[in-house]
Amino acid sequence: MSLTIVNKRCPEETNSDYAYRLIRRNIMNLYLKPGAVLNEAELSEQLGMSRTPIREALILLKNEGLVDIMPQRGSRVSHISLSLVREGYFMRRILETAIIQEIAGTLSSGQTKAMKNNLELQRQELARNVNELSDDFFDLDDDMHRMLYEFSNRHHIWSALHGVNSHYDRVRYLDTAVNGVNQSVLLENHNTLYCYLLMGIPGDVDIAKFCSDHLGRFLLDFQNTITTYPDYFVD
């Protein structure tokens with residue numbers, strides 16, 4: 001088992017905070033595969049810290065459904081739960097449809113600027129990674145959707161979705177990697193969404209369908225995804 005160091009440590013982070021963030025990123029981006037054994041001693045050595053913060057991080061990840069802790073047998077990365085994928089997709093498309101309808105055309109100048117800056121970072125990231133899968137693009141994608149909840153004063157709902165979304169988000173990542181999804185298409189969707197938020201939703205636009213199609217992109221080739229990696233999934 002080997003971690004990919006995908007994030008630099010922030011100065012203010014504790015050992016457990018950093019271990020949590022790094023292990024979580026490795027799980028979400030499938031560097032640590034579903035079912036992979038998580039050895040506390042190996043993680044401790046790789047991260048240069050004691051086993052206590054590693055154990056604390058694994059408990060947090062267990063609470064999010066990303067790690068299974070088995071008494072007397074250690075820990076492993078959880079398999080992707082199809083039922084949690086369905087729940088995550090259901091909640092995201094219902095909530096975000098309602099939120100977009102509510103805030104479209106009402107953003108403040110500061111909110112507009114924040115979203116525009118995010119879109120520019122997405123564009124720059126894809127320009128740096130032409131024809132390659134960009135992990136950082138997924139983070140920026142996540143940040144953009146998080147803004148919807150914050151702009152509508154529902155940031156607690158976003159936090160509450162964290163655990164359920166983790167299984168849905170792993171499938172989205174897998175879909176992009178396995179099925180060769182062009183991330184520039186996702187950026188086009190985000191630019192369209194930005195226009196709706198900026199100017200309001202045109203009368204001929206079915207925003208529920210827009211959200212279902214955007215958030216449910218993984219469904220188009222899901223049979224290929226699950227056939228290619230059947231051992232990643234449960235239920």
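Condition test on SER159, is it modelled with pLDDT under 95, in a helix (DSSP H, G or I) and either more than 27 Å from ASN129 (Cβ to Cβ) or in contact with a strand residue (DSSP E or B) (Cβ under 8 Å, 6 or more places away or on another chain) (or both)? Considered against the rule, which asks whether it is modelled with pLDDT under 95, in a helix (DSSP H, G or I) and either more than 27 Å from ASN129 (Cβ to Cβ) or in contact with a strand residue (DSSP E or B) (Cβ under 8 Å, 6 or more places away or on another chain) (or both), SER159 comes out as yes. Scoring THR97 on the criteria (1) of a type in the set (S, T, N, Q); (2) farther than 30 Å from LEU219 by Cβ; (3) outside any loop (DSSP other than H, G, I, E, B) leaves a single failure, condition (2). Scanning region 207-235 for residues that are outside any loop (DSSP other than H, G, I, E, B) and small (Gly, Ala, Ser) gives ALA208, SER212. When residues in region 217-232 are screened for being touching a helix residue (DSSP H, G or I) at 6+ places or on another chain (Cβ under 6 Å) and surrounded by 14 or more Cβ atoms within 10 Å (Cβ to Cβ), 2 of them pass.
Yes or no, residue by residue, for (1) buried (at least 17 other Cβ atoms within 10 Å of the Cβ); (2) at pLDDT 95 or above; (3) touching a strand residue (DSSP E or B) at 6+ places or on another chain (Cβ under 6 Å):
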| position | (1), (2), (3) |
| --- | --- |
| LEU107 | yes, yes, no |
| GLN124 | no, yes, no |
| ASN129 | no, no, no |
| MET144 | yes, yes, no |
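Pairing each residue of region 207-233 that is closer than 25 Å to HIS190 by Cα with any residue that is among the small types (Gly, Ala, Ser) and surrounded by 14 or more Cβ atoms within 10 Å (Cβ to Cβ), provided the two are 6+ apart or on different chains, yields C-beta distances under 9 Å for ILE207/ALA104. Determine, yes or no, whether GLY74 is in contact (Cβ under 8 Å) with a residue 12 or more places away in the chain, surrounded by fewer than 17 Cβ atoms within 10 Å (Cβ to Cβ) and of a type in the set (Gly, Ala, Ser). The answer is yes for GLY74. Quick one: is ASP204 in a helix (DSSP H, G or I) and either over 24 Å from LYS113 (Cβ atoms) or of a type in the set (Asp, Glu) (or both)? Against the criterion (in a helix (DSSP H, G or I) and either over 24 Å from LYS113 (Cβ atoms) or of a type in the set (Asp, Glu) (or both)), ASP204 does not qualify. Quick check, is TYR89 at pLDDT below 95, surrounded by 14 or more Cβ atoms within 10 Å (Cβ to Cβ) and within 18 Å of LEU215 (Cα to Cα)? It is false that TYR89 is at pLDDT below 95, surrounded by 14 or more Cβ atoms within 10 Å (Cβ to Cβ) and within 18 Å of LEU215 (Cα to Cα). Just one of the numbered conditions (1) under 16 Å from the mean Cα position of the chain (by Cα); (2) in a helix (DSSP H, G or I) is not true of LEU133: (2). Looking only at region 167-206, residues that are within 23 Å of the chain's Cα centre (by Cα), surrounded by fewer than 18 Cβ atoms within 10 Å (Cβ to Cβ) and charged (D, E, K, R) come to 1 in all. For MET70, the conditions (1) modelled with pLDDT of 90 or more; (2) of a type in the set (A, V, I, L, M, F, W, C); (3) out of contact with any Leu (no Cβ under 6 Å at 6 or more places or on another chain) are fulfilled apart from (1).
The values are calculated or read from the model by the stated rules, or taken from the named source; none is laboratory data. It should be emphasised that the depicted structure is a prediction, and the values quoted were computed from it without experimental measurement. Glycine also receives a Cβ, built like all others from the backbone with ideal geometry; neighbour counts cover every protein chain displayed.
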